[in-house]
Amino acid sequence: MRPFAYVKPADVTAAVRAVATEPRAKFLGGGTNLVDLMREGIERPDTVVDVTGLPLDTVEELPGGGLRIGALVRNSALAADPRVLARYPLLSQALLAGASAQLRNMATVGGNLLQRTRCPYFYDAAAACNKREPGAGCDALEGFNRGSAILGVSESCIATHPSDMSVALAALDAVVEARSVRGTRRIPLTDFHRLPGDNPEIETELALDELITAVELPAAPVAARSRYRKVRDRASYAFALVSVAAALEVRDGAVTEVRLALGGVAPKPWRAREAERILLGGPATEAEFRRAAEAELAPATVRPANAFKVNLARATIVATLRELTTGGEDG
Amino acid sequence: MTTKYAETAPATTGTKYVGRPIDRLDGLAKTTGEARFAAEHQYPGLAHAALVHATIARGRVTAVDTAAARAVTGVIEVLTHENAPPMKPAPKFSVLDLSSLASGTSVNYLATDEVHWNGQPMAVVVAETPEAARHAASLVRLTYEERPAVVDFAAEEPNAVQQRSNPVMPSAADKGDARAALAAAPVSVDLRFSTPPHHHNAIEPHATTAVWDGDELTLHEGTQNIPWLRKHLSQRFGVPERNIRVLSPFVGGGFGGKGSVWAGTLLAVLAARATGRAVRLALTRESVYHTVGGRTPSTQRVALGADAEGNLTALIHTSVSRTSRIGGMPEQITSGSRHLYAAQNVHLRQNLVQLDLLANTAMRAPGESIGTFALESAVDELAWELGLDPIELRMRNEPERDPLHGKQFAHRMLREAYALGADRFGWRERDPRPGVMRDGRWLVGMGVATAYHPSWRMPASVTLRLGADGGVVVRCGLHEMGMGAATAQAQIAADAMGVPMEAVRVEYGDSDLPPGPGAGGSAQTASAAAGVLAAAEKLKKSLLAMARRQPDSPLRGRRLEEVEARDGGLFHGGRGQTYAEILAGAGRDHVEAAVKSGMLSFMARTLSERRRYVKAATGAQFCEVRVDPDTGEVRVSRWVGVFDVGTVINEKTANSQLRGGIVMGIGMALSEETLVDQRTGRIMNPSLAEYHVPVHADIPRIDVHYLDEPDPTMPLGLIGVGEVSITGAAAAVANAVRHATGKRVVDLPITLDKVL
Amino acid sequence: MTEIRMKVNGSVESLDVEPWVSLLDALRERLGLTGPKKGCDQGACGACTVLADGMRINACLALAVQYDGREITTIEGVAHPLQEAFVRHDGFQCGYCTSGQICSAIGMLAEHAAGMPSVVTGPGDRELSETEVRERMSGNLCRCGAYNGIVDAIMDVAGKDAG
């Protein structure tokens, strides 16, 4: 690991000040992604600002039934929070589907939002990767891309965003709160992550000197009946090939409210707005679920090795929505 | 069953310990953290090393820039081909010296600027801390002149040539005219299979701690073959073998990956010599992938022809695997097809390509593990074609003698294995139609496959020492990488000497001990057992001779055959003497017996035995899967394995080994694949995050059963259990998936995209 | 160099570390506690699992400086019925993943007792089933494939705790 200066500020003000004058500084949370990337030589900060001592580790009620989640709440603590389990079960399921128990005990909410891709060419310094080294090219285009994205990709990058939690948050209209010396900003989660375009190295709207301080979840009664379904290459402890975060309300056979987001298929947590549009007000039938899924996936750009993700995503969307309408016989 | 073949003790001995599920002797050390592995030994001034890997597949290093690396605080030395002290070249292979097989590759590291594979170590950094070494290694800049490289197995596969044969590993066989028989067969299948490269992924990454004292070397290393390692180092560093001490009491998993000598070991020793420091080189997981070979990929064709009753008329099995221009081991992929079915016409060929990649090496059941995937999948498919139960098809073709040459089976109980397995598994509950069994929404499938692995024995030297207190010390350089080697030999020695197990101590994992058998080919337990039994016999003979010279001994005039070793002594009927009494009477404080096994006589005997018998462990694998009808996800939900492995020495540790093979087989079936970029020859998933070995959640309860009939040609009737259970495992999964979904997946791993 | 103080296996240890030294390397190389193993150094195998204030974590992805003032338990500081149960049920072979498996299992039992759900927990599920144990222990790889024995050992001890 490249040597760096280590500072551990006592409050948020000091934390954002510590990076304001240090363009090559990084905030360190649980370390589960950043420490790995630093050891691999992919992240090379001069200064590491350890924020784990900051008082941002509580979950608080918001007026109207929403929750404000401190950026340093551990993934495991959030997954077990009774309010999350009752109001946003898909979020708890998404967190518990991610990584391992040890990593969930370390990883923070803020860090999870900033996870970087698992694309093998990003991880190997000998490979060409526009995300790691702008302008270098992309070895994944003609290389191993079975796990790569099919939506929102560009010719410069087809990497997926690996976070499960963020997919659930995208479905829940979460808002990210960020602080810098310039003040506090609120960024909707669905706008927080960026598509690669010509600049895959820029992954979020966050400025270099901004610290994520909280994530706010607005009240969403529909989410009480929700599900996160993750499909992967082993039964546990693997990144998603496809994941679906869904919440559904059906009255008299018609969809009255729906939230749908996808993971494993795009460079960012993918809110499936086209599918939602088709589903809303229509009959809650498998045929409609399929039609909505197909519409969402119609713009997919596939390569031979990841073309299966279109069928898999469609099947998983349909299965998840079906499960939410039939009362969870799939378990 | 009586013994037809020498090696077992003629003196009557009890079996108080052999066969019992005894807790492993090193259990406490491993559950308290006391066990120290190769990277866990401290020395004064210990320095740490890290490797710099080539990033091209083939060419030459034209410039090395180590300035930035040398500037890192704590860096002691950066060794490259420009400044490294010379090492002697790797020895050429010789049948007269099997230790010549120890060379992982033929490359003389740091003595050449040539790059032979993407990932070859081109420099070593030695530093005061592991962090500094690793960071500095990332700063070494290499400039290359690239040459065209052949790295794409799939593209090169059509150019394969037939493997060279040798007496224990033939690469071809023909009986009758299999092609004509296939064409004429009323029912046939003709399938092409592929299996990807695999890596051992022992959880302990390879690590070496090397300490020179003048011309004497002490080495801490997890190895599967201490004598080969020692001899190889002696040849490479030009010091006598006696100057090298190898300590390897705990090996954190091997599976074949620690059988040869790879770059890390050599470069740690070299770095220690160059710097005059004790050096530890603990490879990163990525460095293991780049410097230690894995399992070859393969393509295979299996074509079967049968008459309407399912009698095989044609069996064709051809394979292509790969080695490397700088070494590697051809695999006996068609080995199972030689011995499992009574086909009237047979055609077998093993072909090979050579690539510019790191040499491949043995990985758990090399050849048979991937060969049985193809063969046993094809047999299952033939059963579908015939509308016949797949077990019934196998039973109709179960040979009485070896199908190719009519040799006798030393041991063969596949009929019994299938009968017991079908009963325990509930095979009768299986609806033979595909895609109709369900559990809720899950599709359920059941599959079977045959397991087959040849049984081997290697030479082993053993010394048994009996002390005045009646304690027995077994001294043998055994390799303990999880098999419970010492525990099994303690059980055998306790029974052979008639002493309580607590009175037996086994010394192992040290080159100062009599050389043990290598831990490979499932051969260690049987090989060492032969030595322990022979040494016990010798020891008892000496003790009886001592007793007979004692005037009051009740053993006077007795011959060894009349004497029973029990209760810590020798007895005839109700009368006898304890060992302590015999030694006291003879005025001795101990007595020792040594058994040495020479390689040449051993090989001669092995070959003559192979002329008479086909020797193997076999088994019947039963697998149940659940397949998600929406996503194609496959979960193994139940497993029963019945194994014919002769006498089981320790049911507890044998169960674990057999289950372990099945677990690795499930990984091979469903998720394991090393991704080698076809453009660059670079391994793109050199990590446990992206190379998917099975996790807890992937593995159901695995029921293991034995037939427990001794093999009359093996010491104590035991057959090794290390590898047989991975064979057939992937086919059993594939066959269960076929039953659940109607889909035959011929390309491993069976990921959901192939099932969806 | 940063001076940190940790309570490790009951005794207070004070050491100077560079900020880039992992908790795992600090334990293994500075304190001689080689029970926690380095299997991947990237959070992908669980062999380095230790307990930080009773909570299981991967020491390889933790920087030692972040654990200043914390209480760390490694296998060397563990005296738990699981250890005997692992031996009796043969919950290991080579032994390299074992320290991590045992520390992880201790943390897992505590999490379960505290009501932490897993991804396979259904609404209202309280029982620690084998399926639960397998999911919750999936962060600890065992390449020897001793998973059955590990689950048996854990179920054995968990059953005794419950009874």
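Those residues that are buried (at least 24 other Cβ atoms within 10 Å of the Cβ) and on the phi > 0 side of the Ramachandran plot, I need them from the range B:468-497; list them, please.
Selection gives B:G482, B:G484.
Restricting to the range A:172-208, give me the number of residues that are modelled with pLDDT of 95 or more and assigned to a loop (DSSP other than H, G, I, E, B).
18
State which residue is surrounded by the most Cβ atoms within 10 Å (Cβ to Cβ) when the search covers only the range C:131-150 and only residues that are touching a strand residue (DSSP E or B) at 6+ places or on another chain (Cβ under 8 Å) and within 11 Å of chain A (Cβ to nearest Cβ).
Residues of the range C:131-150 that are touching a strand residue (DSSP E or B) at 6+ places or on another chain (Cβ under 8 Å), as a first pass: C:139-140, C:148.
Subsequent filtering for residues that are within 11 Å of chain A (Cβ to nearest Cβ) retains C:139-140.
Working: C:G139: 28, C:N140: 31.
Ranking the candidates gives C:N140 first.
Which of the numbered conditions does B:R349 fail, given that it passes all the others? Conditions: (1) among the basic types (K, R); (2) in a strand (DSSP E or B); (3) surrounded by 24 or more Cβ atoms within 10 Å (Cβ to Cβ).
(3)
Confirm whether B:E609 is away from every other protein chain (no Cβ under 13 Å) and closer than 30 Å to A:R314 by Cα.
no
Can you tell me how many residues within the range A:272-291 are surrounded by 24 or more Cβ atoms within 10 Å (Cβ to Cβ) and either more than 30 Å from B:K754 (Cα to Cα) or touching a strand residue (DSSP E or B) at 6+ places or on another chain (Cβ under 7 Å) (or both)?
Counting residues in the range A:272-291 that are surrounded by 24 or more Cβ atoms within 10 Å (Cβ to Cβ) and either more than 30 Å from B:K754 (Cα to Cα) or touching a strand residue (DSSP E or B) at 6+ places or on another chain (Cβ under 7 Å) (or both) gives 3.
Which pairs turn up if I take residues in the range B:13-33 that are facing chain C (nearest Cβ under 8 Å) and over 16 Å from C:I150 (Cα atoms) and look for partners that are among the small types (G, A, S) and surrounded by 22 or more Cβ atoms within 10 Å (Cβ to Cβ) with beta carbon separation below 9 Å, at least 6 apart in sequence or on another chain?
So the pair list comes out as B:D26/B:A35; B:D26/B:G484; B:D26/B:A486; B:D26/C:G95; B:A29/B:A35; B:A29/C:G95; B:G33/C:G35; B:G33/C:S99.
What helices (runs of 4 or more DSSP H), lying completely within the range B:639-756, carry at least 2 residues that are modelled with pLDDT of 95 or more and more than 20 Å from the chain's Cα centre (by Cα)?
The qualifying helices (runs of 4 or more DSSP H) are B:729-741, B:752-755.
Criterion first (crowded, with 24+ Cβ neighbours inside 10 Å and within 12 Å of another protein chain (Cβ to nearest Cβ)) does B:V663 satisfy it?
Details: crowded, with 24+ Cβ neighbours inside 10 Å: yes; within 12 Å of another protein chain (Cβ to nearest Cβ): yes.
Taking the combined requirement at face value, the residue satisfies it.
Are any residues in the range B:422-449 on the phi > 0 side of the Ramachandran plot and surrounded by 15 or more Cβ atoms within 10 Å (Cβ to Cβ), and if so, which ones?
Taking the range B:422-449 as the starting set, the residues that turn out to be on the phi > 0 side of the Ramachandran plot are B:426, B:435, B:440.
Passing the criteria: only B:G435.
Looking for whichever is more than 7 Å from every other protein chain (Cβ to nearest Cβ), in contact with a helix residue (DSSP H, G or I) (Cβ under 9 Å, 6 or more places away or on another chain), farther than 24 Å from A:G98 by Cα and assigned to a loop (DSSP other than H, G, I, E, B) here; the options are C:G95, C:G91. Which one fits?
Details: C:G95 fails: more than 7 Å from every other protein chain (Cβ to nearest Cβ).
Result of the check over C:G95, C:G91: C:G91.
Identify, by number, the condition in (1) under 23 Å from B:R322 (Cα atoms); (2) among the aromatic types (F, W, Y); (3) within 14 Å of chain C (Cβ to nearest Cβ) that B:F250 doesn't meet.
(1)
From the list B:G252, B:G276, B:G238, B:G256, which one is modelled with pLDDT of 95 or more and touching a Cys at 6+ places or on another chain (Cβ under 9 Å)?
Exactly one of B:G252, B:G276, B:G238, B:G256 is modelled with pLDDT of 95 or more and touching a Cys at 6+ places or on another chain (Cβ under 9 Å), namely B:G252.
Looking at the range A:239-259, which of its residues are crowded, with 24+ Cβ neighbours inside 10 Å and either modelled with pLDDT under 95 or within 14 Å of another protein chain (Cβ to nearest Cβ) (or both)?
A:A240, A:L241, A:V242, A:S243, A:V244, A:A245, A:A246
Read through the list (1) part of a helix (DSSP H, G or I); (2) buried (at least 24 other Cβ atoms within 10 Å of the Cβ); (3) not basic (K, R), then give the number of the only condition that B:E502 fails.
(2)
Could you pull out the residue among C:R30, C:R56, C:R70 that is among the basic types (K, R) and surrounded by 24 or more Cβ atoms within 10 Å (Cβ to Cβ)?
Residue meeting the stated conditions: C:R56.
Can you confirm whether B:D495 is within 30 Å of B:M714 (Cα to Cα) and modelled with pLDDT of 95 or more?
The answer is yes for B:D495.
For every residue, the table says whether it meets (1) of a type outside the set (A, V, I, L, M, F, W, C); (2) more than 21 Å from B:T727 (Cβ to Cβ); (3) within 14 Å of chain C (Cβ to nearest Cβ).
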site	(1), (2), (3)
B:R635	yes, yes, yes
B:V640	no, no, yes
B:V645	no, no, no
B:T653	yes, no, yes
B:E672	yes, no, yes
B:R679	yes, yes, no
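Scan B:V591, B:V614 and give me the residue that is over 19 Å from B:G557 (Cα atoms) and more than 22 Å from the chain's Cα centre (by Cα).
After applying the criteria, what remains is B:V591.
Name the residues in the range B:36-48 that are within 19 Å of B:G252 (Cβ to Cβ) and out of contact with any Pro (no Cβ under 6 Å at 6 or more places or on another chain), would you?
Selection gives B:R36, B:F37, B:A38, B:A39, B:E40, B:H41, B:Q42.
Can you tell me which residues in the range C:106-130 are within 12 Å of chain B (Cβ to nearest Cβ), over 18 Å from A:M106 (Cβ atoms) and either within 19 Å of the chain's Cα centre (by Cα) or of a type in the set (K, R) (or both)?
C:E130
Could you grab me the full set of residues in the range B:141-169 that are in a loop (DSSP other than H, G, I, E, B), in contact (Cβ under 8 Å) with a residue 40 or more places away in the chain and small (G, A, S)?
Pass one, the range B:141-169, residues in a loop (DSSP other than H, G, I, E, B): B:147-152, B:160, B:163-165, B:167-168.
Checking the rest, the ones that are also in contact (Cβ under 8 Å) with a residue 40 or more places away in the chain come to B:147-152, B:160, B:163-164, B:167-168.
Hits for the range B:141-169 are B:A149, B:A160.
Give the residue that is nearest to the chain's Cα centre (by Cα), with candidates limited to residues of the range C:8-58 that are in a strand (DSSP E or B) and either facing chain B (nearest Cβ under 10 Å) or farther than 20 Å from C:A110 by Cα (or both).
C:S22
Name the residues in the range B:163-195 that are of a type in the set (V, I, T) and over 16 Å from B:L348 (Cβ atoms), would you?
Within the range B:163-195, B:V187, B:V189, B:T195 qualify.
Picking from B:D423, B:D431, which residue would you name as being out of contact with any strand residue (DSSP E or B) (no Cβ under 6 Å at 6 or more places or on another chain) and within 22 Å of B:R744 (Cβ to Cβ)?
From the options B:D423, B:D431, the qualifying one is B:D431.
Please state which one of A:S156, A:S148 is touching a Pro at 6+ places or on another chain (Cβ under 6 Å) and of a type in the set (S, T, N, Q).
A:S156
Out of the residues in the range B:203-233 meeting the condition of being away from every other protein chain (no Cβ under 14 Å) and out of contact with any strand residue (DSSP E or B) (no Cβ under 6 Å at 6 or more places or on another chain), tell me which one is nearest to C:C142 (Cα to Cα).
Top of the filtered list is B:N225.
Read through the list (1) of a type outside the set (F, W, Y); (2) more than 8 Å from chain B (Cβ to nearest Cβ); (3) under 29 Å from C:R134 (Cα atoms); (4) in contact with a Ser or Thr (Cβ under 6 Å, 6 or more places away or on another chain), then give the number of the only condition that C:V65 fails.
Condition not satisfied by C:V65: (3).
The values are calculated or read from the model by the stated rules, or taken from the named source; none is laboratory data. Because the structure is a prediction, the values reported are computed rather than measured. Virtual Cβ from ideal backbone geometry, glycine too; neighbours counted across all protein chains shown.
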